[in-house]
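Worksheet for the structure shown next.
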Amino acid sequence: MPDIRVPFRGGGFRPEARRGTGIAVFVLLLFLIEWGTRAGWISNLTLPRPSDVAATLADLARSGALWTHLLPSLSRLAVGSALGVSAGIGIGVLIGLFSYIRAGLVPLVAAIFPIPKIALLPLFVIWFGIDEGSKYALIALGTFTPTVVATYGAVDNVDRGLIRMGQSFGLGWWSIVRKIVLPGALPGILSGLRVSLAIGIILLVAAEMLGAQYGIGAYILQAGALYDLERLFAGVVILSCLGVLTSWAIGKIEKRLLVWRG
Amino acid sequence: MELAVRGLTHRYGDMVVLDDVSLHIPAGEILCVVGPSGCGKSTLLRMLGGLEQPDWGEVLQGGTPPEGCLNPLTYVFQDFALLPWRSVAGNVSLVLEDHRLPGDRVRAIIEDVLARTRLSDFRDALPRQLSGGMKQRVAIARALAVNPAVMLLDEPLSALDAQTRELLMEDLVGLWERQPFTGVYVTHNLAEAVRLGHRIAVLSRRPGRVREVIEVPGPLSERQTGDPELEAIQAHLWGLMRDEAMAADQELLDA
Ligand SMILES: Nc1ncnc2c1ncn2[C@@H]1O[C@H](COP(=O)(O)OP(=O)(O)O)[C@@H](O)[C@H]1O
Ligand SMILES: [Mg+2]
């Protein structure tokens, strides 16, 4: 009789949901910083106390200053990225569908993509004015390029077999685009949107630092100039929350629109 | 409707895939096309339905499609080609939507074809929830919905297990008995060929040429697996293909 149990060699290499782990790491880190700043092995010139940052945030909310900074930022982000993302999806789909447009625009997009958009802000100020216009344009351009690249990649990846199927049943060109290409490209477009919106937030802050009276970026800049670490970090916390929130919202949209992926 | 292929020759780059293939598919008959893998069966089928253009030769159609036929030449694909974001009923309705039929007519057609493929209970299921056999039944239902004159089937059962294949073969025979269609059925499975073909065309290895066209006697509904007459035909086919298949297996793909 064989008497040695066959050892288990499988398993692993597969991400699994681990609820609460993220929060635990976060809380632990905050706790360590709080402890360090209170005990003195983190100097208060290096990092502010988390509890002080929380108090600053609470003050900010109570005095209403939170909204005077947050609302302009949110509307800039919304308008700018709505412009950039919708243009990006439109152009991306056209690049995916038409060879001439692809040949003409892909090199252009590749040329625009690596330019740090913030370097163009002075130019945008001249073109679109010192007010909201230049900020919208900056965020729009910044979200446009990654959206284009993600979108035409997603259109390229649509199963050609499904398109042939559509043709074999005599579906019209527009039907094929609407009912096969666009839904098939949607997962790729949505995951590109995550990247685009994160870039949008980065550009939003940069634009506000260079010229705005209100906005999270302006708030952080003022705090930094006074070396007010509590306020600086309060601003950073707001930005992080904004990032987590947009990512969560896209996750929700994916869950709703992509039920078919299971 | 009937189909004819005359002198079809096609190459991809320098590789000749089909060499002077001529075939005739009379109305209401199923022609099975067998041959070693890579001999150009799928290419031939794509040309039959107008999805690809041959370098030389032509594909001809004759006769008029039946009343109410929305898409005379209709495919059933090996990989099913279902839209994963549409339900079973949605996948069927996809091929009806461009024809501007009244809504109740569309609903009636969907009901009818789902009933004929025994899918009525699954009309709202998504493809990912279905087994392979059910997915192929959805693809067959979709093909039936346009009331085709000719069905072009490219290894429709190859992705399925043996038991499911047996069941679906009976389904296909049943559908043909109910309403005989002209069919071209590509397969590398000789048992399928003798069960479903009125005639069987044997292609050589690449470049694909017609080696022989064999008549299979007897109505489809009376054919059984294990029938000695069919077994004999199958053995004859295997005799024709054995050396070709072996040689095809030894070939480098890009040589
Ligand atoms: N679109 C294509 N471009 C280049 N080569 C192709 C293409 N389609 C098929 N081939 C090649 O042509 C040969 C025949 O292919 P196919 O018709 O799919 O064979 P079968 O269906 O009989 O297995 C194969 O060697 C395949 O690699
Ligand atoms: Mg094939």
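The values are calculated or read from the model by the stated rules, or taken from the named source; none is laboratory data. All of these numbers come straight from a predicted model, not from anything done at the bench. Here the Cβ positions follow ideal geometry from the backbone for every residue, glycine too, while neighbour counts run over all protein chains shown.
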- Do any residues in the range A:235-262 that are more than 17 Å from A:PRO50 (Cβ to Cβ) and away from chain B (no Cβ under 14 Å) have Cβ atoms under 7 Å from those of residues that are charged (D, E, K, R) and surrounded by 13 or more Cβ atoms within 10 Å (Cβ to Cβ), where the two are at least six apart or on different chains, and which pairs are they? A:SER247/A:ARG194; A:ILE250/A:ARG194
- Task: Mind listing whichever residues of the range A:213-233 are crowded, with 17+ Cβ neighbours inside 10 Å and touching an Asp or Glu at 6+ places or on another chain (Cβ under 9 Å)?
- Result: A:GLY215, A:ILE216, A:GLY217, A:ALA218, A:TYR219, A:ILE220, A:LEU221, A:ALA223, A:LEU229, A:GLU230, A:PHE233
- Message: Condition (residue is acidic (Asp, Glu) and either near ligand 1 (Cβ under 8 Å from one of its atoms) or touching a residue at least 24 places away in the same chain (Cβ under 8 Å) (or both)) applied to the range B:7-16: is it met by at least one residue?
- Response: no
- Only one of A:LEU162, A:LEU171 is hydrophobic (A, V, I, L, M, F, W, C), within 14 Å of chain B (Cβ to nearest Cβ), within 28 Å of B:GLN136 (Cβ to Cβ) and touching an Asp or Glu at 6+ places or on another chain (Cβ under 8 Å); which? A:LEU171
- Note on the structure: Scanning the range B:17-40 for residues that are within 11 Å of ligand 1 (Cβ to nearest atom), within 15 Å of the chain's Cα centre (by Cα) and either assigned to a loop (DSSP other than H, G, I, E, B) or closer than 22 Å to B:THR64 by Cα (or both) gives B:GLY35, B:GLY40
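If a residue must be among the acidic types (Asp, Glu) and surrounded by 15 or more Cβ atoms within 10 Å (Cβ to Cβ), how many such residues does the range B:113-147 contain?
Adding up the residues that qualify gives 0.
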- B:ALA89 under 22 Å from B:ASP112 (Cα atoms), within 13 Å of another protein chain (Cβ to nearest Cβ), away from ligand 1 (no atom under 13 Å from the Cβ) and not in a strand (DSSP E or B): no
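Can you tell me how many residues in the range B:136-167 are away from chain A (no Cβ under 14 Å), in contact (Cβ under 8 Å) with a residue 40 or more places away in the chain and either within 18 Å of B:LEU73 (Cα to Cα) or not in a loop (DSSP other than H, G, I, E, B) (or both)?
1
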- Query: Is there a residue being within 12 Å of chain A (Cβ to nearest Cβ) and within 16 Å of ligand 2 (Cβ to nearest atom) anywhere in the range B:50-57?
  - Reply: yes
- All conditions in (1) modelled with pLDDT under 95; (2) within 14 Å of ligand 2 (Cβ to nearest atom) are true of B:TYR75 except (1)
- Task: Among the residues of the range B:157-186, count how many are hydroxyl-bearing (Ser, Thr, Tyr) and in contact with a strand residue (DSSP E or B) (Cβ under 6 Å, 6 or more places away or on another chain).
- Result: 2
- Message: Considering only residues that are part of a loop (DSSP other than H, G, I, E, B) and free of Cβ contacts under 8 Å to residues at least 24 places away in the same chain, which ones fall in the range A:14-44?
- Response: A:ARG14, A:PRO15, A:GLU16, A:ALA17, A:ARG18, A:ARG19, A:GLY20, A:GLY40, A:TRP41, A:ILE42, A:SER43
